[in-house]
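Here is the structure we will look at.
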Amino acid sequence: MIAALFGAAAFGAALPAAAGPADRLRDSLFKRPGGEISGPPLARFVSEEGRVFVLDRSQGVPMLKFDDSPEVWVLAPSPAPRGDVIYKDELGEPVLRATRLGGLTLFSDERPNGEAVSLAGGGFPLRLAPLSPAALGERLLQASYRSGRIARRTIVFEARRVTPAGSALVGDAAIVTSLAFVRMAERRGGRTVLGQFNIVRFEEGKKPSVTLKDGILRIVVAPEQGLAGRPSSKRIMKVAGAQ
C-alpha cells in the first residue's frame, strides 16, 4: 500500500561515460562557473553507511526520500559559507550539504556530523498517486491500526471534507503521522506522549499545520502545494511534545 504512493518514471539524463564519480556528482549539483544548482534534476545517491536515497529537484521544491522509509522530506536550500548549499528540513535542521567541489554530505540523528555521499545513478520522481474514497478509507484504517498497536490503545484516524484533489495528500499524511507515532514510542516516555490524544483528524486548508487540543491531533493539509502541503513527522512529533 505504501509503495503505491509513489509514481515511477525513467531517469533519462545521460552521464558522460568518461567522467569519474566526483565529476558526475559535481556536474549534477552545480553549474560551472558560478556555483548555482544545476545538472540532472533527479538522481539516486548512497551514503558511506549504505543509506540510499533519491534527491528530486524536478518539481520546483527539492524533495528527498530514503529507500527504507515511505516518508518524503521536503527541503529548503539555503546558501552556506564557501559557496556551499545546505538543504534543510521543515524544522530548519540540515539534511544535506553540497559543496562547490562536488561533495555531498548527509546529516542524520545517528551521524550529526555528517557522512559522505556518492552518486549512484537515476531515480524516480517523488509524486503521489490519486486515491479513491475507498482507498483513502483503507489507508486511514491501516494507519489507525498501526498507531493503536504502537500506543497500545485505540487512536482513530478520520478525515473531514476531503476533495478528490486532496485525497492522496491526506493518505500520505496519515502514513507520515503513523511513522511519527512509531518514533515517539521508541523514545523514553513516548507512550505517555501518545496518551495525550484519541483522535487524529485530517482536514484541507490553505497552509499545512498541526495542532493538539482536547485530545484531538488536528492535521491540516494544503493540496495545492503537493507534498510540501503536509507536515513532516518531525513537525508532528514536535507539536506532540516528543521532540
Legend entry - Length-normalised contact order for region 136-203 - Cα pairs under 8 Å, 6+ apart - percent: 43
Legend entry - ³J(HN,Hα) computed for each position of region 210-217 - Karplus, 6.51 cos²θ - 1.76 cosθ + 1.60, integer Hz, glycine/proline x: 9, 9, 10, 7, 6, x, 10, 8
Legend entry - Vicinal HN-Hα couplings computed from phi for region 149-163 (Karplus, 6.51 cos²θ - 1.76 cosθ + 1.60; Hz; Gly/Pro x): 5, 5, 7, 6, 6, 7, 10, 8, 9, 9, 10, 10, 6, 8, 8
Inset, instruction - Using only the Cα atoms of region 104-243, build the gyration tensor, take square roots of its eigenvalues as a ≥ b ≥ c, and label the shape rounded, prolate or oblate: rounded if a/c is under 1.5, else prolate if a/b is larger than b/c, else oblate. - result: oblate
Legend entry - In order through region 176-191: 3J(HN,Hα) via Karplus (6.51 cos²θ - 1.76 cosθ + 1.60), integer Hz, x for Gly, Pro: 4, 5, 5, 5, 4, 5, 4, 5, 4, 5, 6, 9, 4, x, x, 5
Legend entry - Debye, to nearest 20: dipole size of region 57-129, +1 on Lys, Arg Cβ, -1 on Asp, Glu Cβ: 440
Inset, instruction - Could you list which residues have their amide H under 5 Å from that of Lys88, counting only those 5 or more apart in sequence or on another chain, with H placed in the peptide plane? - result: Ala76, Ser78, Val95
Legend entry - Residues whose placed amide H lies under 5 Å from that of Leu42, excluding near-sequence neighbours: Arg57
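FYI, it's all coordinate maths here, none of it is from the lab. The structure displayed is predicted, hence computed values, not measured ones. Quick reminder, even Gly has a Cβ in these numbers, built from the backbone with ideal geometry, and neighbours come from all protein chains shown.
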